[in-house]
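These notes concern the structure reproduced below.
Any read-out appearing in this document is the output of simple, stated calculations on the displayed coordinates, not a laboratory observation. In this text, all values refer to a predicted model and were calculated from it rather than measured experimentally. Positions of Cβ are backbone-derived with ideal geometry, glycine not excepted, and every protein chain shown enters the neighbour counts.
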Amino acid sequence: DQQVKQNSPSLSVQEGRISILNCDYTNSMFDYFLWYKKYPAEGPTFLISISSIKDKNEDGRFTVFLNKSAKHLSLHIVPSQPGDSAVYFCAARGSNDYKLSFGAGTTVTVRA
Amino acid sequence: KAGVTQTPRYLIKTRGQQVTLSCSPISGHRSVSWYQQTPGQGLQFLFEYFSETQRNKGNFPGRFSGRQFSNSRSEMNVSTLELGDSALYLCASSPPGQGYTGELFFGEGSRLTVL
């Protein structure tokens, strides 16, 4: 069963605007959440993470928000740039897990 | 510092054959994980090894197996290949102390096509 869900398979945004990617999870034991970015023909690369004890983490243009009660997190990219065009994966793990549970990914296209 | 290296990058097999994929982690990384990526399914966890021991296994049939060597290099094997095994197989390593955060360093993957 898919414990991490990204319900939007694609997102198109104009350069300079905000990109908002959403992710929902079902497992209440998850306590660490990550976003990965993947370009074609490359492996995923770590982007940003957040612990369940926080509700926001910011790194440059990227901010992740966590709403534990709703089991929802989102990634904001401001401003969006053409180089941000990629597939973004949401992932989560529990404190005693050695694996990550990934969502299906959201393909972001930034239009010039 | 060299990244995670996976070989081969591309391979084509026929149904019923078996395949072995190799992964060399970043130097100093002792944990190696394998994931299968298929369209629409995201990355599905296969297994994770640490110091030659499998610590966790995903929900895949027994045809999928793996191992880790004393130098932390890892291999995964898929026997009796099926069409549905066509996927990108990704290997990831993580350094000591990073296990809890979940930050993984991925290789470029091995693209398997089963005909």
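Structural remarks
- For the segment B:29-41, counting C-beta atoms of other chains within 10 Å of every residue's C-beta and taking the mean gives 2.
- For the peptides B:37-49, A:8-20, the ranking by mean Cβ contacts within 10 Å, running from highest to lowest, is B:37-49, A:8-20.
- Within the straight-line cut-off of under 29 Å between alpha carbons, the lysines reachable from A:Lys56 are A:Lys5, A:Lys37, A:Lys38, A:Lys68, A:Lys71, A:Lys99, sequence neighbours fewer than 8 places apart in one chain being disregarded.
- Contact order normalised by residue count of chain A, Cα under 8 Å, 6+ apart, percent: 37 percent
- Computed FRET value (nearest 0.05) for A:Gln3 with B:Ile12, which takes r as the C-beta separation and R₀ as 41 Å: 0.80
- Under Karplus coefficients 6.51, -1.76 and 1.60, residue-wise ³J(HN,Hα) of the stretch A:49-64 in Hz, glycine/proline x: 9, 8, 8, 5, 7, 10, 10, 7, 9, 10, 8, x, 7, 10, 9, 10
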